[in-house]
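Some notes on the structure that comes next.
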Amino acid sequence: MLLIDCPHCGPRNESEFHYGDQAHIARPENSESMSDQEWAEYVYLRENPKGLFRERWVHSAGCGRWFNAVRDTVSSRIVATYKQGEEAPISAEEEGGLL
Amino acid sequence: MRYSAFSLLRNTLSHHKNWPQLWGSPDPQPEYDVIIIGGGGHGLATAYYLASQHGINNVAVLEKAWIGGGNTGRNTTIVRSNYLWDESAKLYETALKLWENLSQELNYNVMFSQRGVMNLCHNVHDVRETKRRVNANRLNGIDSEFLDAQQVKEFCPAIDLRGGGRYPVMGASLQRRGGTARHDAVAWGYARGAAKRGVHIIQNCPVTGFDIEGGAIKGVQTAKGPIKAKRVGMVVAGHSSVLANMAGFKLPLHCRPLQALVSEPVKPAIDCVVMSNAVHAYISQSDKGELVIGAGTDAYCSYGQRGSMHNTEGTLAAICEMFPQFRRMKMLRAWGGIVDTCPDASPIIGKTPVEGLYINCGWGTGGFKATPGSGWVFADTIANERPHALAEPFALSRFSSGYLIGEHGAAGVAH
């Protein structure tokens, strides 16, 4: 069981949360002119990195709010949690790297 | 050496000291016709069928650790083919038919035991969904039948139909031809068969990069140096995204830990496989007497090969409701494997954006049952450089064409 530090409520058990997978995926603005391949990339293709990963969680049994976390997908150690809209502590290039 | 009663007798006389090695440890050659990355069941089966069915013997299987040490050695050994859609039904049924003759084909006992697989229904919706799947299976020529609660009790007397009030059993689907097989033996049998036909099985040899020129594969970089090949098959399950990243493309995969556990061995108590899709619990009894129990996947992406305790706790709570007599059983071992799940719970087989690089991944929580069929269609795909007819619907391009094959119900584990 992970101990997840909700930026709004503080550290709580993982069982209070639901997972939202990869963070910082912006909905495309030119959706009417996108090709099928571009849609596939937006909807389905994911980083799925081995190492640091920027991901979303929702504190469903708590404040109910979505937030982001940086977690190492090998050790499951959570490096940081931060509110939605805030700058990620690592860049996209650093994803998949190790601590 | 062919295994037989005679070879057993002969080796008994020499105190079993002269059994030959099943496969060697050759040094990698500078070039092969085909390289298979990943020495799990699927990769070894692919190499075996390349050699035995397509006459391509100059093949190397590159395994980063030891063969069969990944998901092949970590699953709950269940084999069945009762999938909903035509595409999946044909693929998994092809695999099941190969299973039925696999021990003879490989001259290696994979201990395939067709003891019957039951998928339980706990509510009215489950019953409707299951009946639909049973009917779809029968239309595809797969043996599948619906059992009402009383018939479930007759087929598996150990089950408590009341399910502690929480998981009442209202019926089940039953595939009598389904069952279990010895997972290690599958890897070893295929490895032995492939090695006998000249395939090089190279262990402790992780792939560290791809040599791609003009959009076509030329070879791979490994811990044991560069190896050339114009055709490379990638069958690495949990690490598919990592390797795809090295080759410069992305996959629609999510890696999750999936846990399993075994109990202390006891006398025979369950002579079939019982799966409960709604509560992510499945149970069977191994030949050694251990209860083999599978749990659901953890929620988050992970490469850690272990999962959270609360998942196994939930699974065991459900098992105890349905089989109250197991409440005092002690669990001996628990472990996790990294399953590469697809958004539609179906595998990806076929070409990649890199010419000559083929992929077979995304089997998620249910790859073991498909091992022979997966190897069969993938070998054919690589040998003829076009997707096998059964593999065609499972192309990577289905995520842009929209022809997804949603098998979340039949996959049996929520993810």
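The values are calculated or read from the model by the stated rules, or taken from the named source; none is laboratory data. Being a predicted model, the structure only gives us computed values, none of them experimental. Using ideal geometry, Cβ is built from the backbone for each residue, glycine included, and neighbour counts are taken over all protein chains shown. Heavy atoms of the whole protein, side chains included, go into the accessibility calculation; ligands, DNA and RNA do not. Shrake-Rupley method; radii C 1.70, N 1.55, O 1.52, S 1.80 Å.
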statement: Checked against (1) touching a residue at least 60 places away in the same chain (Cβ under 8 Å); (2) of a type outside the set (Val, Ile, Thr); (3) open to solvent by 40 Å² or more (accessible area, probe 1.4 Å); (4) within 13 Å of another protein chain (Cβ to nearest Cβ), B:GLY336 satisfies every condition except (3)
query: In the stretch A:66-83, is there at least one residue being more than 15 Å from the chain's Cα centre (by Cα) and under 18 Å from B:VAL242 (Cβ atoms)?
result: yes
In the stretch B:248-269, the residues that are within 14 Å of another protein chain (Cβ to nearest Cβ) and either without any contact (Cβ under 8 Å) to a residue 24 or more places away in the chain or over 30 Å from A:THR73 (Cα atoms) (or both): B:LYS250
- request: Would you please name the residue that is farthest from B:GLY193 (Cα to Cα), looking only at residues in the stretch B:336-386 that are part of a strand (DSSP E or B) and over 19 Å from the mean Cα position of the chain (by Cα)?
  value: B:GLU355
statement: In the stretch B:29-70, anything assigned to a helix (DSSP H, G or I) and buried (at least 24 other Cβ atoms within 10 Å of the Cβ) is listed as B:GLY41, B:HIS42, B:GLY43, B:LEU44, B:ALA45, B:THR46, B:ALA47, B:TYR48, B:TYR49, B:LEU50
- line: Within the stretch B:202-248, residues being aliphatic (A, V, I, L, M) and over 26 Å from A:LYS50 (Cα atoms) number 1
message: Here is a check on your reading of the model: is B:ASN245 under 30 Å from B:GLY171 (Cβ atoms) and within 14 Å of chain A (Cβ to nearest Cβ)?
response: no
task: Keeping to the stretch B:316-335, report how many residues are part of a loop (DSSP other than H, G, I, E, B) and charged (D, E, K, R).
output: 3
query: Which of the residues belonging to the stretch B:276-302 are open to solvent by less than 10 Å² (accessible area, probe 1.4 Å) and touching a residue at least 60 places away in the same chain (Cβ under 8 Å)?
result: B:SER276, B:SER284, B:ILE293, B:GLY294, B:GLY296
query: Has the stretch B:108-116 got at least one residue that is over 30 Å from B:ARG197 (Cα atoms) and not small (Gly, Ala, Ser)?
result: yes
statement: Taking the stretch B:43-69 and keeping only residues that are within 15 Å of B:ASP33 (Cα to Cα) and not polar (S, T, N, Q), one is left with B:ALA47, B:TYR48, B:TYR49, B:LEU50, B:ALA51, B:HIS54, B:GLY55, B:ILE56, B:VAL59, B:ALA60, B:VAL61, B:LEU62
query: Just one of the numbered conditions (1) within 14 Å of chain A (Cβ to nearest Cβ); (2) touching a helix residue (DSSP H, G or I) at 6+ places or on another chain (Cβ under 9 Å); (3) modelled with pLDDT under 95 is not true of B:THR312; which one?
result: (2)
task: Among what's in the stretch B:370-398 and is under 26 Å from B:TYR303 (Cα atoms) and open to solvent by 10 Å² or more (accessible area, probe 1.4 Å), pick the residue that is farthest from the other protein chains (Cβ to nearest Cβ).
output: B:ALA395
- prompt: Out of curiosity, is A:HIS18 out of contact with any Asp or Glu (no Cβ under 8 Å at 6 or more places or on another chain), surrounded by fewer than 16 Cβ atoms within 10 Å (Cβ to Cβ) and either among the aromatic types (Phe, Trp, Tyr) or more than 19 Å from B:THR297 (Cα to Cα) (or both)?
  reply: no
- prompt: Is there a residue in the stretch B:71-93 that is under 16 Å from the mean Cα position of the chain (by Cα) and either free of Cβ contacts under 8 Å to residues at least 24 places away in the same chain or assigned to a strand (DSSP E or B) (or both)?
  reply: yes
statement: Those residues of the stretch B:270-309 that are charged (D, E, K, R) and away from chain A (no Cβ under 11 Å) come to a total of 4
Filter result for B:GLU407 (surrounded by fewer than 22 Cβ atoms within 10 Å (Cβ to Cβ) and either among the basic types (Lys, Arg) or farther than 26 Å from A:ARG54 by Cα (or both)): no
- request: Just give me the residues in the stretch B:226-238 being surrounded by fewer than 22 Cβ atoms within 10 Å (Cβ to Cβ) and outside any loop (DSSP other than H, G, I, E, B), in sequence order.
  value: B:PRO226, B:LYS228, B:ARG231
task: Report, by residue number, each residue of the stretch B:259-286 that is in contact with a strand residue (DSSP E or B) (Cβ under 8 Å, 6 or more places away or on another chain), over 28 Å from B:SER302 (Cα atoms) and assigned to a loop (DSSP other than H, G, I, E, B).
output: B:VAL266, B:PRO268, B:ALA269, B:ILE270, B:ASP271, B:CYS272, B:SER286
Criterion (open to solvent by 40 Å² or more (accessible area, probe 1.4 Å), aromatic (Phe, Trp, Tyr) and over 28 Å from B:PRO353 (Cα atoms)) met by exactly one of A:TRP39, A:TRP66, A:TRP57: A:TRP66
- prompt: modelled with pLDDT under 95 and of a type in the set (Asp, Glu) - does that describe any residue in the stretch A:43-54?
  reply: yes
- prompt: Counting residues that are within 8 Å of another protein chain (Cβ to nearest Cβ), which strands (runs of 3 or more DSSP E) fully inside the stretch A:29-99 reach at least 2?
  reply: A:52-58
query: Just to be sure, is A:ARG12 part of a strand (DSSP E or B), at negative phi and at the interface with chain B (Cβ under 9 Å from one of its Cβ atoms)?
result: no
statement: For the stretch A:73-99, the count of residues that are more than 24 Å from A:ASN13 (Cα to Cα) and of a type outside the set (Ser, Thr, Tyr) equals 9
